[in-house]
1. Are there GluC sites (Glu not before Pro) in the range 93-195 that DSSP puts in a loop and that have at most 13 other Cβ atoms within 10 Å, and which ones?
2. Below 9 angstrom from the Cβ of His290, what's the summed charge of the other residues (Lys, Arg +1; Asp, Glu -1)?
3. How fast does the range 275-367 diffuse by Stokes-Einstein, in µm²/s, taking the Kirkwood radius from C-alpha pairs at 20 °C and 1.002 mPa s?
4. If I take every Cα pair under 8 Å that is 6 or more residues apart in the chain, average their sequence separation and divide by the length, what percent do I get for the relative contact order?
5. Using a simple charge model, +1 on the beta-carbon of Lys and Arg, -1 on the beta-carbon of Asp and Glu, nothing else, what dipole does the chain show about its Cα centre, in debye to the nearest 20?
6. Most exposed first by the Cβ proxy, i.e. fewest other Cβ within 10 Å, how do Ile188, Ile340 rank?
7. In a shell of Cβ-Cβ distance under 9 Å around Gln43, excluding Gln43 itself, what net charge do Lys and Arg (+1) and Asp and Glu (-1) give?
8. By the scheme Lys and Arg +1, Asp and Glu -1, what is the net charge of all other residues having a beta-carbon under 15 Å from that of Ala265?
Amino acid sequence: MAQQPAVDPDLLRGFTIAVVGHRRRHRVADLLERHGARIVSVQGVRAVPQPDAAVLRRATAACLHTPPDDVVFSSAAGARAWLRAAPDPDRLLKILRAARLLAADARTADALRAAGLRDVLSTETGTADGVYRHVLAARAGGRRFAVQLDTPDQAEHCRRLRMSGADVVEVPTYVTAPPNDVVGVRRIVELMGRRQVDAVAWLDPVAAGHILRFADAHGRLPAVAAQLGVHIPVVCRGRLGAAVLHRHGVEATIAPMPFDEETAAVLARSVLDRAVHATVGGRALEVRGHAALLDGALYPIQQSPVEVLRLLAAEPGKVLSSADIRRRLPSPADVDDHAIEMAVSRLRRSLPDVGLVQTVIKRGYRLAV
């Protein structure tokens, strides 16, 4: 997936990807779903548009003490909240008029103009990502930025600005709170612990921290940490989120830039690289997260049978006993020989040719070669 990919609705069919962030549905999920992925969206934290007065006051004082060269506004509501909270609005407006002003969208630009700020730039994308992409593409080194933040993930943009040599004052106009959907949080923890997702996108550090603390509080962190980064690829928008995961023993891949398209592209590559390829009975087989492609045709398969197929396809032609298979499954304690037999039976019914999975009497199972 490139920055502006042609949509291939079959590219990611058969994969399940979890997307964890501050929204119930993030644009990264939309990008992946257009390419056929099954998405599990989880709100790991809420961004409440009620700024912490003390934090906002300190950020404003820093801007008044040393005026910024550039000011980025992420939303109309956030811009108005900042101006309302300023102890000396006239002085702040004077400083803003002397800076280059960048607005995430036309609505934000209109709110700034209504406050008496005339020269405001906005991007064609109409998104905060678009503004930061524009700023990071230019030479930011040596310049001082004030950045009005609406959401936790935007902290990754500020970090990239600092890496480019800019001086950045963060002006948060939100506070975070636990998500309302505890059921959704519990579900994603269980799916990760049981290896029932093929990759996880962690879109901001606060959401990552909350999910992992929830897993720890409910005794599921060891199971989750054993899967993440080892069997389940983990992708973060930036190093702040990766640092949170690292503290819990999870290593993550970091998108080259903290933007939606780059994050979705890394996720797509991570799951496609994990697919298992084999030639079975003279036919091309690709085993994905919850499906198999046989000569390019996709066949949905349930979790246990596809795990068995993945193990057999990793060593085509080799006989694996029930004990071999059980030992390599994500939750071996939940499986006995009868469960393996049933999984093989369901696997055969899921494929167009039952002869592709062979039983070797008193030894186990293998794929036809």
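1. Numbers: sites: Glu124, Glu156, Glu170, Glu190; in loops: Glu124.
Hits after loop and neighbour filter: Glu124.
2. Details: positive: Arg38, Arg288; negative: Asp198.
Result for the neighbourhood of His290: +1.
3. Values: Rh = 12.9 Å.
Result for D is 166 µm²/s.
4. Numbers: 728 pairs, mean separation 59.6, N = 369.
Across the chain, relative contact order equals 16 percent.
5. Working: 50 positive and 39 negative charges, 80 e Å.
Approximately 380 debye in magnitude.
6. On the way: Ile188 25, Ile340 22.
Taking fewest neighbouring Cβ atoms as first place, the list is Ile340, Ile188.
7. Values: positive: Arg23, Arg24, Arg25, Arg46; negative: Asp181.
Charge balance in the 9 Å sphere: +3.
8. Numbers: positive: Arg27, Arg34, Arg133, Arg237, Arg269; negative: Asp8, Asp30, Glu33, Asp129, Asp260, Glu261, Glu262, Asp273.
Its environment carries a net charge of -3.
Bear in mind these aren't lab numbers, they're just calculated from the coordinates by the rules spelled out. Computed from a predicted structure; not experimentally measured. Cβ sites come from the backbone with ideal geometry, for glycine too, and all protein chains shown count toward neighbours.
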